[in-house]
1. Can you compute 3J(HN,Hα) from phi for each residue in the range 51-66, using the Karplus curve 6.51 cos²θ - 1.76 cosθ + 1.60 with θ = phi - 60°, rounded to whole Hz and x for Gly and Pro?
2. Could you give the angle, 0 to 90 degrees to the nearest 10, between helix 138-147's Cα long axis and the longest principal axis of the Cα atoms of the chain?
3. Can you compute the helix-only [θ] at 222 nm over the chain? Use -39500 (n - 2.57) per DSSP H run of at least 4 residues, normalise by all residues, nearest 500 deg cm²/dmol.
4. Let's see if you can work this out: charge +1 on each Lys and Arg Cβ, -1 on each Asp and Glu Cβ, no other charges. What is the dipole magnitude of the chain about its Cα centre, in debye to the nearest 20?
5. List the pairs from LYS12/LYS119; LYS18/LYS106; LYS63/LYS92; LYS9/LYS105; LYS68/LYS92 whose alpha-carbon separation is above 29 Å, in the order I gave them.
6. Using the Karplus curve 6.51 cos²θ - 1.76 cosθ + 1.60 with θ = phi - 60°, what ³J(HN,Hα) values do you get for each residue of the range 183-195, in whole Hz, with x for Gly and Pro?
7. Can you tell me what share of the DSSP beta bridges in the chain is antiparallel? A percent to the nearest 5 is fine.
8. Quick one: 3J(HN,Hα) in Hz for the range 173-180, Karplus 6.51/-1.76/1.60 with θ = phi - 60°, rounded, Gly and Pro as x.
Amino acid sequence: MIELAVYNKAGKKIDSLKIDEATLGGEVRPALLKQAYVRQHAHQRQGSARTKSKGMIAGSTKKLYRQKGTGNARVGPKRTNIRKGGGVAFAKSRTRDAFRQEMPKKMRRLANRNALLAKLVDDEVKVIDVLAFNEPKTGAMRDILDALGVNRTCLIALDAGNRNGLLSARNLADVSVLRIDQLNVFDLLNHRYLVLDKASLLAFIDGTANKTASAGKEAA
């Protein structure tokens, strides 16, 4: 069991949580985390690069100078692919979808939970009893992070309805914000600290965060 401290907004420990490693994969699995990380990184590539063939280059099709008698090598038009500024011999003309990688749903879910386990093992998860604001206050969020000792990149995971929390954190440097049901390997491993409230952490571990988000989408 992992014992995790729960803090208030002033950075004082007021409670603790016990988390069973078995619910998060039992042990940190580096190979699984790498596979999921590389997959998500690859999916961010658009594959929409384009190049122009010589028929797409603006310019005359006239031969630059006569074939013989100049002492120079023979040349064609300036749009040919062997000249600077000319077209490409085999131009890219369609979207490339070869960057996508398949991964079973159960492996993806396990990887997300295992990434959280890795943060817990490294003592990089900061849990607050309640992370709510009456109105958006960037300074208040900054004070909370300072009180928790967050001095590196930080990922803040919030409940879907916590709009004031989102507005309070989105302008802070080196801080990223997402919903708790969107917590994933890529964002977890790209930030040093994870900050979230107690209810959101328990919802993610129990699996109710995704169900709540799905219900909200159906209602909308």
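Readers should treat all values here as calculations from the given coordinates under stated rules, not as data from a laboratory. Quantities reported herein were computed from a predicted structural model and do not represent experimental measurements. Note that we place each Cβ from the backbone using ideal geometry, even for glycine, and neighbour counts take in every protein chain shown.
1. Coupling constants for the range 51-66: 10, 9, 7, 5, x, 9, 7, 6, x, 6, 8, 6, 5, 4, 7, 4 Hz.
2. Helix 138-147 sits at roughly 70 degrees to that axis.
3. Details: 7 runs with 74 residues, N = 220.
When only DSSP H runs of four or more count, the value is -10000 deg cm²/dmol.
4. Working: 41 positive and 21 negative charges, 631 e Å.
Value, rounded to 20: 3040 debye.
5. From the list (LYS12/LYS119; LYS18/LYS106; LYS63/LYS92; LYS9/LYS105; LYS68/LYS92), the Cα-Cα distance tops 29 Å for LYS9/LYS105; LYS68/LYS92.
6. 4, 9, 4, 4, 6, 4, 7, 8, 10, 6, 10, 10, 10
7. Numbers: 6 of 21 bridges.
Bridges in the chain are about 30 percent antiparallel.
8. 5, 6, 10, 10, 10, 8, 6, 5
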